[in-house]
Structures are given as C-alpha cells and as structure tokens.
Amino acid sequence: MRVGNGFDVHRLVVGRRLVLGGVEVPFGKGLLGHSDGDALAHALIDALLGAAALGDIGTQFPSTDPQYKDIDSLVLLRRVAQLLAERGWKVSNVDATILAEQPRLGPHVSQMRERLARDLGLTLERVSVKAKTADGLGPVGQGECIAAYAVACLEEPE
Ligand code: MG
C-alpha cells in the first residue's frame, strides 16, 4: 500500500459559485481560482498523485494553460483516476476534511461523497468527507477562505 496527502486553500470572493467535491453549495460567495476553485477536489487530486509519486495538480494541469480555465475540477479528478488506473494503481480509500466557517456543509457531505465515489469508480464506503469549522480562528475562521485536507491509500501495481 502507498499513502499520499493533499492540501488546498482558496480565497472566498463575491461573484463566484461555491463548488466543493463537485457539488454546488448555495452561498453568497465562491472560491477564487483558475479552475472552479474546488479545494476539496484539488486536495484529493494531490493526495492521489502523491501516493503514486506522480507530482501534483500543478504539474499535471498547469494553471497557466488556458484549457483549464474555469474547468470542472471533477474532470481533472477523473483524469487522475484514469492516469492511476493506466499505471496499475488501485485506489483503496480516500478521506478528506473541509475547513469552512460558513456555509454549513454538513447537509451537502453525502452528495459530495456520492459524486467523488462515482468519479473515482469507488464504492461509497471507500470515500469519506468530513466538514468542520475553525471556531472563528485564523483566515478560515474569519471567512476569508476555505481549506481542505485529504489522504489517499493506493494498492501498488502487481
Ligand atoms: Mg486549488
């Protein structure tokens, strides 16, 4: 088995959709980014790539490349899943934590798990998503940004 970890943070701004784990969450602000700003998907991508030592999201999908502008980050996640499968890697499980002061993400977590599991070709019990606040502390707690942490466990190619 191999383990990888991922982290991402995006600034919350007015005039953007809030997309986390491929799910659009109703809120007055969204995450700024070259893509759709889906910090959860990006942390998961880095965890998956990290476990296979295949670099990170920036090396696979450079933000200077116009083809990735405003892209649905689950498209990138599916490409990573394909990349791993082509090399014989099998995803055992993924686990992620979103840090957001607002909005309350609890009601959306099960839909995020479903979307991510579908795009990773995994059963639901292999995909965990948790959401918590920062208790008012730091930039997350002040509502300036949303962050996500993820780990992925991969089975090595035969
Ligand atoms: Mg990102």
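The values are calculated or read from the model by the stated rules, or taken from the named source; none is laboratory data. Values in this document were obtained by computation on a predicted structure and should not be read as measured data. Neighbour counts are summed over all protein chains in view; Cβ atoms, including those assigned to glycine, are modelled from backbone coordinates with ideal geometry. For the accessible areas, the whole protein counts, side chains as well, though only heavy atoms, and no ligand, DNA or RNA atoms are used. Shrake-Rupley method; radii C 1.70, N 1.55, O 1.52, S 1.80 Å.
Return the tail of the calculated pair distribution for the stretch 2-155, meaning the percent of Cα-Cα pairs more than 23 Å apart.
Counting every Cα pair in the stretch 2-155, those more than 23 Å apart make up 30 percent.
Show me the trypsin sites (Lys or Arg not before Pro) within the stretch 108-148 that DSSP assigns to loop and that have at most 10 other Cβ atoms within 10 Å of their Cβ.
Listed in order of number, the matching sites amount to none.
Could you tell me the center-to-center distance, by alpha carbons, between the stretch 124-155 and the stretch 59-84 in angstrom?
Centre-to-centre distance over Cα atoms comes out at 21 Å.
Pairing the Cα long axis of helix 109-120 with the longest principal axis of the chain, what angle in degrees results, from 0 to 90 and rounded to the nearest 10?
On a 0 to 90 degree scale, this one is about 30.
In the neighborhood of Phe27, defined by Cβ-to-Cβ distances under 13 Å, what is the net charge if each Lys or Arg adds +1 and each Asp or Glu adds -1?
That works out to +2.
Go ahead and estimate [θ] at 222 nm for the chain from helices alone: -39,500 (n - 2.57) per DSSP H run with n ≥ 4, summed, over the residue count, rounded to 500.
Theoretical 222 nm ellipticity from helices: -8500 deg cm²/dmol.
Determine the share of the chain's accessible area contributed by carbon and sulfur atoms, expressed in whole percent, with a 1.4 angstrom probe.
In the chain, the share of accessible area belonging to carbon and sulfur is 50 percent.
Report the relative contact order of the chain, percent, no decimals, based on alpha-carbon pairs under 8 angstrom and at least 6 residues apart.
Taking the mean separation of contacting Cα pairs over the length of the chain, I get 34 percent.
Sort Tyr68, Tyr149 from largest to smallest accessible area, using a 1.4 Å probe on the heavy atoms of the protein chains.
Final ranking, largest accessible area leading: Tyr149, Tyr68.
Taking the Cβ of Val13 as the centre, find all other residues whose Cβ is under 12 Å away and add up their charges (Lys, Arg: +1; Asp, Glu: -1).
+3
Lys and Arg at +1, Asp and Glu at -1: add these up for the other residues within a Cβ distance under 14 Å of Glu156 and post the number.
Net charge around Glu156: +1.
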